[in-house]
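We did not get these values from a lab; they are worked out from the coordinates using the rules stated. In this text, all values refer to a predicted model and were calculated from it rather than measured experimentally. FYI the Cβ positions are ideal-geometry reconstructions off the backbone, even for glycines, and counts take in every protein chain you see.
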Amino acid sequence: MKDLISVLYISRATFKPLPATKGIEPDVGRILQASRTHNAQHRIGGVLFYCDGYFLQCLEGERDKVKALLETIRQDDRHTDIRIVSENEIKRRQFDHGSMKYTAINDAVKLMLRTHGFERFDPYQFDANHFRYLLKTLKDVDDQTPADLHEQLPKDTDTGDSSAKRTRLRPQAAPQRDPWARGLAAAALAVALLALALSVT
Ligand SMILES: Cc1cc2nc3c(=O)[nH]c(=O)nc-3n(C[C@H](O)[C@H](O)[C@H](O)COP(=O)(O)O)c2cc1C
């Protein structure tokens, strides 16, 4: 069996956060969509947590695949100050392989923060114990991906090009059939009807 690893990192978003009431950040939604497609193909699982402009992500999977993904993620300019919190060999996965669970702030995390004396989520203030509690909490909470995320964000819209989005969202026109094929089909139908009429008489 291939080496399985689990990597936990934190980072700071470079985009301006929307007020929490506005739902999922568009950038986070796009990241999540890319993750769902890519990670499923490479059997990478984990959780992505976003709160108050900070990311925390756990990635689990085969060593070379996780390392390659981390390199891609490092180059992503939607975040900065990437700090690897831990990297461990694991025997068993904690998260479903091929899925990236998403959670935002929720009651379980708020309770964890309060219990440990934090007023807000700032993972750069955490120690190993806090990360362990948080990861356990994130493992136990339900996925919070909005059901309509796929309708909101068509695939590959990372460019932010709204005209491209509109083009992709427009329903496809029904394919036009070749006039020759149409003529042939009509002739075949006429012959079939004639044969039927002859067989009846
Ligand atoms: C915080 C953060 C987490 C990300 N997590 C993943 C991930 O789990 N899987 C993934 O494929 N892309 C993830 N991305 C997006 C990648 O950096 C990259 O944009 C995406 O894989 C598309 O890469 P490509 O343009 O080379 O195809 C993440 C980006 C950020 C900022």
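List the relative contact order of region 4-155 as a percent without decimals, with contacts defined as Cα pairs under 8 Å and 6+ residues apart.
On the way: 233 pairs, mean separation 52.5, N = 152.
35 percent.
Find how much the distance from residue 195 to residue 3 grows on full extension, using 0.36 nm per residue of separation minus their present alpha carbon separation; answer in nm with one decimal. Present the calculation step by step, with values, prior to reporting the outcome.
Details: separation 192, 0.36 × 192 = 69.12 nm, distance 6.88 nm.
That works out to 62.2 nm of additional length.
Round to the nearest 0.05 the FRET efficiency obtained for residue 97 and residue 188 when R0 = 45 Å and r is the Cβ-Cβ distance.
Numbers: r = 51 Å, r/R0 = 1.14.
Given R0 = 45 Å and the Cβ-Cβ separation, E is 0.30.
What distance in nm lies between label points placed 7 Å from Cα along the C-beta direction at residue 16 and residue 80?
Placing both labels 7 Å beyond Cα along the Cβ direction yields 1.6 nm.
Under the 0.36 nm per residue contour assumption, what length would be gained going from the current alpha-carbon distance of residue 68 and residue 106 to full extension? Spell out each step's value before the answer.
Details: separation 38, 0.36 × 38 = 13.68 nm, distance 3.08 nm.
Roughly 10.6 nm would be gained on extension.
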